[in-house]
Structures are given as C-alpha cells and as structure tokens.
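Heads up: the structure comes next, in structure tokens.
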Amino acid sequence: ALNLFYLAAAAAGAWLLRRREALWGLLIAYPLLRSLLLAAMGAVEDRYTLECLPFVLVLAAGFLSWWQQRQRLDEA
C-alpha cells in the first residue's frame, strides 16, 4: 500500500511540475526507459530497479510540498 501511495504521489507530482520545471521530462524519462529496458531483459534482480527510487521520491516530494502549501493557504 505504501508503494502504491509513493507511485501515485510521484505521478501527481509529475503532473504538477510539468509546467514549472524545465527538466521534468528527464525525471520521468529515465525511470520509464530504465524500467522498459529491465522488463525486456529476462530475469533481472530487484537491486537494478532501486536506482529509480530517488526519482520517484523527488516527484512525490514535489506533490506533497504542493499539497502542504495548499492546506496552509486553505486554513488562512
């Protein structure tokens, strides 16, 4: 469940950052292309997919930062 939350938050973060950040495409392209490459290879160990985790965390942090900022504005 936590993994799904992180992936959903990363997807929402990518959606929010698409207009603000100039290089947001790279944050999405690298994990996506790496995952496709690893899926095409046969038996791949899990440790090779861990390199994509920082990208997911950065995008999720972008969404959580936006959400927290919006909550503060709604309270004021």
*How large are Rg and Dmax for the chain when only the alpha carbon atoms are used, in Å?*
14.6, 54
*Which residue, 25, 42, 62, has the most motion in a Gaussian network model of the chain that connects Cα atoms within less than 10 Å?*
42
_Hz values of 3J(HN,Hα) by residue in segment 27-36 - Karplus curve (6.51, -1.76, 1.60), Gly and Pro given as x_ = 5, 9, 5, 4, x, 5, 5, 5, 5, 5
*Two-site FRET efficiency, residue 37 against residue 5, from Cβ-Cβ distance with R₀ of 22 Å, rounded to 0.05*: 0.30
*Size of the dipole of the chain about the Cα centre, Lys and Arg at +1 and Asp and Glu at -1 on the beta carbon, nothing else charged, in debye to 20?*
260
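Coordinate-derived values only; no laboratory data. This one's a predicted model, so the numbers in the text were calculated from it and none came from an experiment. Don't worry about glycine lacking a Cβ; one is built from the backbone with ideal geometry, like all the others, and counts go over all protein chains shown.
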